[in-house]
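Contents: one structure, followed by commentary.
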Amino acid sequence: MKRISVLTSGGDAPGMNCAIRSVVRSAIGAGIEVFGIQRGYRGLFEKDFIKMDSRSVGGIINKGGTILRTIRFPELKEKKIREICYKNLQEMGIEGLVAIGGDGSAQGAYALYKDFEFPVVVIPASIDNDVFGTDWTIGFDTAVNTAVDIIDKIRDTANSHERVFIIEVMGREHGALALDVAVSSGAETAILPEFPVSMEKIIKDLEEKKQKGKLSSIIILAEGAGKAQDIAEKIQQNLLDREVRYVILGYSQRGGSPTAFSRQLATIFGFEAIKMFQESDYGKMVAIHQNQIIRISLSEVVSGKKTLSEEKLKLLETMAI
Ligand code: ADP
Ligand code: F6P
C-alpha cells in the first residue's frame, strides 16, 4: 500500500488530533503517503483532500477538536453518494481510508467496505464511549474529567445554598458518560437511559437523604434520559422547601486539551491502524479490551450494542448513602 487517507467524522472529541498525528507519522514512517480529507465524509464526497506530512501534524498533540474538521453528512447512507466517494478515492490513487469517529462513522466506513471492498480501518473516537467492541473511545476520559471539573465548582454553590442540582451531560442515547461523571463527582445518583427510574423514587430518595442530614444534592442526568429543565421542575414541585436548579454542560464537554489517557489511546490506535494496512487486515476497527489492543470486524461493531454496568450504578448509590 502506497497511499492512504484519513478523516475525522461525527462529533469532535479531544484526542482526535493525536490520532491524526499518529496515523500520519506512523504511515510516513512505514513509507506510506497520507492525504487528509477535510470535513469527514462530506470532504470525501466533495474530493477535498490535502497532502499531509510530519510537519502538518506538528503542535497539535495538546489541541482539542480536529484540524481536519468534521461535519455530519447523512447523505453517505445513500449508495449513489458512496459511489462518488469511491470514485474520488480511486481518482486520487488512494488505497486505504482511516475513519476516526464514533459508531455512526464506523457504519459509514463499513458501508464503503461492503459496497466496494475498499480497505478501511476505523479508530473509535467519541466523548460518548458508545462504540461497541472497545472498552474506551478517544476523548471519553477527557470529557469525564472536564465535566467533573465543572461539577466540583457547582458543588460549592450546591453546598452553600443547600440546593439540589440536576446536571445534564451529553452521551446521546447512551449513559456511559453520565455514569462515569456521576461516580467521579460523588453525585447522589445518575438518571440513565439504560436503567429507567421513576420520579417518585428520585424524590423519595432526596427526602430520605435530607432526613439523614444531606442538605444539598447533585444528580447527573444523561441527555438521552430526559431534559434537565423538566426534571428540575418536577422535583421542585414536590420538594417545596428546597431550591432546585439545573445546568446543561453542553459543548464544554467536547472541547479542551486531551488528557494523557486520551492522547495515549489515540497514539496507540493510530499506530495500530497503519500496522493493519501493512498486514492487509481491513474492514476492522482498532479497539482496546481488558487493556489489550485488539482488532474487531466492522460487521460486529455495527451490529453490536454497548451495554452499561449496572454494578457501577449500584456502586454510585452505595457511595451516596
Ligand atoms: P458518530 O460517528 O460520532 O457516531 P454520527 O452518528 O453523526 O456521529 O455519524 C457520523 C457520520 O457517519 C454521519 O454524518 C454519516 O456521514 C456517517 N454515517 C452514520 N451512519 C451511517 C450509516 N448507517 N450509513 C452510512 N454512513 C453513516
Ligand atoms: O456524539 C457526540 C455528541 O456530543 C453527543 O453526546 C451529542 O448528543 C451530540 O454529539 C451532539 O451533536 P451535535 O454536535 O450535532 O449537536
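Quick one: is G29 under 13 Å from I274 (Cβ atoms), open to solvent by 10 Å² or more (accessible area, probe 1.4 Å) and either without any contact (Cβ under 8 Å) to a residue 40 or more places away in the chain or out of contact with any helix residue (DSSP H, G or I) (no Cβ under 6 Å at 6 or more places or on another chain) (or both)?
yes
Can you tell me which condition Q278 does not meet? The list is (1) touching a Lys or Arg at 6+ places or on another chain (Cβ under 6 Å); (2) within 20 Å of A30 (Cα to Cα), and all the others hold.
With (1) touching a Lys or Arg at 6+ places or on another chain (Cβ under 6 Å); (2) within 20 Å of A30 (Cα to Cα) applied to Q278, the lone miss is (1).
Mind listing just one residue for me: the one in segment 225-235 that is within 21 Å of the chain's Cα centre (by Cα) and surrounded by fewer than 20 Cβ atoms within 10 Å (Cβ to Cβ) and, of those, farthest from L179 (Cα to Cα)?
In this case the residue turns out to be K227.
Quick one: which of G224, G186, G175 is within 16 Å of ligand 1 (Cβ to nearest atom), modelled with pLDDT of 95 or more and within 19 Å of L315 (Cβ to Cβ)?
G175
Filter segment 111-150 for residues that are within 21 Å of M1 (Cβ to Cβ), open to solvent by 20 Å² or more (accessible area, probe 1.4 Å) and aromatic (F, W, Y) and give the result.
Correct list: Y113, F116.
Please specify each residue of segment 87-110 satisfying the condition of being outside any loop (DSSP other than H, G, I, E, B), open to solvent by less than 60 Å² (accessible area, probe 1.4 Å) and either of a type in the set (G, A, S) or away from ligand 1 (no atom under 13 Å from the Cβ) (or both).
N88, L89, G96, V98, A99, G101, G104, S105, A106, G108, A109
For segment 235-248, does any single residue satisfy the condition of being among the aliphatic types (A, V, I, L, M), outside the structural domain of P14 (by TED's automatic domain parsing) and out of contact with any helix residue (DSSP H, G or I) (no Cβ under 9 Å at 6 or more places or on another chain)?
There is at least one residue in segment 235-248 that is among the aliphatic types (A, V, I, L, M), outside the structural domain of P14 (by TED's automatic domain parsing) and out of contact with any helix residue (DSSP H, G or I) (no Cβ under 9 Å at 6 or more places or on another chain).
Looking at segment 11-31, is at least one residue assigned to a helix (DSSP H, G or I), of a type outside the set (K, R), within 14 Å of ligand 1 (Cβ to nearest atom) and in the same structural domain as G133 (by TED's automatic domain parsing)?
Checked segment 11-31: at least one residue is assigned to a helix (DSSP H, G or I), of a type outside the set (K, R), within 14 Å of ligand 1 (Cβ to nearest atom) and in the same structural domain as G133 (by TED's automatic domain parsing).
The rows are residues; the columns are (1) among the hydrophobic types (A, V, I, L, M, F, W, C); (2) free of Cβ contacts under 8 Å to residues at least 40 places away in the same chain; (3) not assigned by TED's automatic domain parsing to the domain that holds V121.
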residue: F269; (1), (2), (3): yes, no, no
residue: A273; (1), (2), (3): yes, no, no
residue: E279; (1), (2), (3): no, yes, no
residue: I293; (1), (2), (3): yes, yes, no
residue: S299; (1), (2), (3): no, no, no
residue: S309; (1), (2), (3): no, no, yes
residue: K314; (1), (2), (3): no, yes, yes
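So which residues in segment 267-298 are assigned to a strand (DSSP E or B) and of a type in the set (G, A, S), if there are any at all?
If the condition is that a residue be assigned to a strand (DSSP E or B) and of a type in the set (G, A, S), then A287, S297 are the ones that fit.
Would you mind finding the one in I294, I219, I274 that is in contact with a Phe, Trp or Tyr (Cβ under 8 Å, 6 or more places away or on another chain) and of a type in the set (A, V, I, L, M, F, W, C)?
Of the residues listed, the single one that is in contact with a Phe, Trp or Tyr (Cβ under 8 Å, 6 or more places away or on another chain) and of a type in the set (A, V, I, L, M, F, W, C) is I219.
What is the number of the single condition among (1) outside any strand (DSSP E or B); (2) under 23 Å from E233 (Cα atoms) that F165 does not meet?
(1)
Name, by its number, the condition in (1) closer than 20 Å to G11 by Cα; (2) open to solvent by less than 40 Å² (accessible area, probe 1.4 Å); (3) not small (G, A, S) that does not hold for I274.
Against the list (1) closer than 20 Å to G11 by Cα; (2) open to solvent by less than 40 Å² (accessible area, probe 1.4 Å); (3) not small (G, A, S), I274 comes up short only on (1).
The values are calculated or read from the model by the stated rules, or taken from the named source; none is laboratory data. Just so it is clear, the structure is predicted and the values come from calculations on it, not from any experiment. For neighbour counting, all protein chains shown are included, and Cβ atoms are generated from backbone atoms with ideal geometry for every residue, glycine included. Side chains are part of the model used for accessible areas, which takes the heavy atoms of the whole protein and leaves out ligands, DNA and RNA. Shrake-Rupley method; radii C 1.70, N 1.55, O 1.52, S 1.80 Å.
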